[in-house]
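**Q** The structure's right below; bear with me while I get my questions together.
The values are calculated or read from the model by the stated rules, or taken from the named source; none is laboratory data. For clarity, every value in this text was computed on a predicted model and none was experimentally measured. Here the Cβ positions follow ideal geometry from the backbone for every residue, glycine too, while neighbour counts run over all protein chains shown.
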Amino acid sequence: MSASLIDRVRERLAVESAPLRPNVVAAAIRAESGGLLGDTEVLRSLRVLQTELTGAGPLEPLLCAEGTTDVLVTSADAVWVDDGSGLRRSSVRFADEAAVRRLAQRLALAAGRRLDDAQPWVDGQLTDLGTGQFTVRLHAVLPPIAPGGTCLSLRVLRPATQDLAALVRTGTIDSSVSGLLREIIASRLAFLVSGGTGAGKTTMLAAVLGAVSPSERIVCVEDAAELEPAHPHLVKLVARHANVEGIGEVTVRDLVKQALRMRPDRIVVGEVRGAEVVDLLAALNTGHDGGAGTVHANSPTEVPARLEALAAAGGLDRTALHSQLAAAVQVVLHVTRDGAGRRRLNQIALLERGDDGTVRAVTAWRDGSGFGCGADQLRALIKRRGVS
């Protein structure tokens, strides 16, 4: 099937008001080919068009496979997949660079974004790729920004539903600290889950939130709907990106402000990665203790510096940030992913304010080393909160 015929069929189907069922697509193929194709050719062309026009095309089986977290396309013959054991090259191939570009542009359009020579990159979310079971975070870059060809990155955002007991059984959480995590929750200490990309921050956060008392109301703000803790009173607010006209955006920071008016017992930000850190810290300092969130950081000791950088975007200087942080957040749970792809709770740290006024992280427990110098301070803090 020639590229010109694909383009003509696509243009014809673009004005169709009916769903793109096989008979509709087949009729468009016959019409645009001038009736010169036989049944066998039409059937073969139909398969090509279904790949071109619906779902994620040849990437669909990879995205739908159990355990897939990332699908990455670096060229027509280089498609990589991460299914929890690290990246590996898949057997999926595209016909050519143009096919990768067409898929990237179609996915961008499905996400309500623009991707062309004038706007050669896109960042968006896809909530329906034919499965309806998960959200996909889309990022794509076109040549000449990407000289090697169109680069497509798809992150599968499956609902995080595991509880603490499940993570202990799988070895993600060492059994020696599961009780401490429950005490942190029971004493309403605010905490952040830190770690790198794909380390399991959202899974850890959901599991810990599942241990919150059923009588408490959790209001969760996310950029994409991922958190599904096993909790009976969860309210979810999800941000919205601007449409192709650049209007309609609702930011995480907007939603944090709305969450304050919804009578929350705990406010949770799925991922703190911008100026919303200012509003979250302000909320945790105005009687809303026990809140939580995730943040990208290489270690607990780097969390204060990471928050400094984010707060600067919200107009909060270094001194004010450390003052707010010292009063708002008490604990950092750090998760890592080893070379074999296994996710682990690597460290529990206590945030404390030093003599110079800045906040630092003191290790209370580390995987493989056990309890550290901050453990007694953390236990004392928990005891002061009335939890033995």
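**Q** Say whether the condition of being under 30 Å from ARG113 (Cα atoms) and either assigned by TED's automatic domain parsing to the domain that holds GLY200 or outside any loop (DSSP other than H, G, I, E, B) (or both) is met by at least one residue in segment 314-328.
**A** yes
**Q** On the given criteria, is GLY339 assigned to a loop (DSSP other than H, G, I, E, B) and within 30 Å of GLY84 (Cβ to Cβ)?
**A** yes
**Q** For LEU310, state whether it is in the same structural domain as LEU205 (by TED's automatic domain parsing) and crowded, with 24+ Cβ neighbours inside 10 Å.
**A** When the stated conditions are applied, LEU310 does not pass them.
**Q** If you take the residues in segment 257-269 that are crowded, with 17+ Cβ neighbours inside 10 Å and in contact with a Lys or Arg (Cβ under 9 Å, 6 or more places away or on another chain), which one is nearest to VAL295 (Cα to Cα)?
**A** ARG266
**Q** Additional query: Of everything in segment 163-192, what is closer than 30 Å to GLN125 by Cα, surrounded by 19 or more Cβ atoms within 10 Å (Cβ to Cβ) and of a type in the set (A, V, I, L, M, F, W, C)? Give them in sequence order.
**A** LEU164, LEU167, ALA190, PHE191, LEU192
**Q** How many residues, within segment 125-153, are modelled with pLDDT under 85, of a type in the set (Gly, Ala, Ser) and either crowded, with 18+ Cβ neighbours inside 10 Å or closer than 24 Å to VAL250 by Cβ (or both)?
**A** 1
**Q** If you check HIS334 against the conditions, is it crowded, with 22+ Cβ neighbours inside 10 Å and in contact with a strand residue (DSSP E or B) (Cβ under 6 Å, 6 or more places away or on another chain)?
**A** It is true that HIS334 is crowded, with 22+ Cβ neighbours inside 10 Å and in contact with a strand residue (DSSP E or B) (Cβ under 6 Å, 6 or more places away or on another chain).
**Q** Taking LEU189 as the residue in question, decide whether it is in the same structural domain as ARG306 (by TED's automatic domain parsing), of a type in the set (A, V, I, L, M, F, W, C), assigned to a loop (DSSP other than H, G, I, E, B) and under 29 Å from THR301 (Cβ atoms).
**A** Yes: the conditions hold for LEU189.
**Q** Quick check: anything in segment 154-162 surrounded by fewer than 17 Cβ atoms within 10 Å (Cβ to Cβ), more than 30 Å from ASN285 (Cβ to Cβ), in contact with a His (Cβ under 9 Å, 6 or more places away or on another chain) and at pLDDT below 95?
**A** No: zero hits.
**Q** For segment 248-300, which residues satisfy the criterion of being of a type in the set (Ser, Thr, Tyr) and under 20 Å from THR319 (Cβ atoms)?
**A** Answer for segment 248-300, where residues must be of a type in the set (Ser, Thr, Tyr) and under 20 Å from THR319 (Cβ atoms): just THR286.
**Q** Looking at (1) in contact (Cβ under 8 Å) with a residue 40 or more places away in the chain; (2) assigned to a helix (DSSP H, G or I), find the lone condition where VAL136 falls short.
**A** In the conditions (1) in contact (Cβ under 8 Å) with a residue 40 or more places away in the chain; (2) assigned to a helix (DSSP H, G or I), VAL136 misses (2) alone.
**Q** Could you list all residues from segment 363-378 that are over 18 Å from ILE173 (Cβ atoms) and in a helix (DSSP H, G or I)?
**A** Hits for segment 363-378 are ASP376, GLN377.
**Q** Regarding segment 164-186, can at least one residue be identified that is in contact (Cβ under 8 Å) with a residue 12 or more places away in the chain and assigned to a strand (DSSP E or B)?
**A** No - not one qualifying residue is present in segment 164-186.
**Q** With respect to VAL272, determine if the residue is surrounded by 19 or more Cβ atoms within 10 Å (Cβ to Cβ), closer than 25 Å to LEU381 by Cβ and β-branched (Val, Ile, Thr).
**A** Answer is yes for this residue.
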